[in-house]
Amino acid sequence: MAVTISLALLFGFVLFMLLRSKTLGPGSAFVAVMFGFYLASTGAADTVNQLMSAIVNALPDL
């Protein structure tokens, strides 16, 4: 668990830096996918799923 959280933080930081510098390409896509993969195996996965469900359910009411 500690390794996956560390990797999620690492990929999150790298993704943030790539987005901030407006660098888009295959490398940033890989980082985004790996961030999502490692985030899904942390304890935050349930919270992220609930948040996405709430957003999807709120879209028709806009």
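The values are calculated or read from the model by the stated rules, or taken from the named source; none is laboratory data. Nothing here was measured: the structure is a model prediction, and the numbers come from that model. Protein only, heavy atoms only, side chains kept; ligands, DNA and RNA dropped before computing areas. Shrake-Rupley method; radii C 1.70, N 1.55, O 1.52, S 1.80 Å.
Some notes on this structure:
- Solvent-accessible area, 1.4 Å probe, carbon plus sulfur percent, for the chain: 74
- Straightening the chain between Ile55 and Val33 buys 5.9 nm, computed as 0.36 nm per residue apart minus the Cα-Cα spacing.
- Rg/Rh for the chain stands at 1.07; both radii use Cα atoms, and Rh follows the Kirkwood definition.
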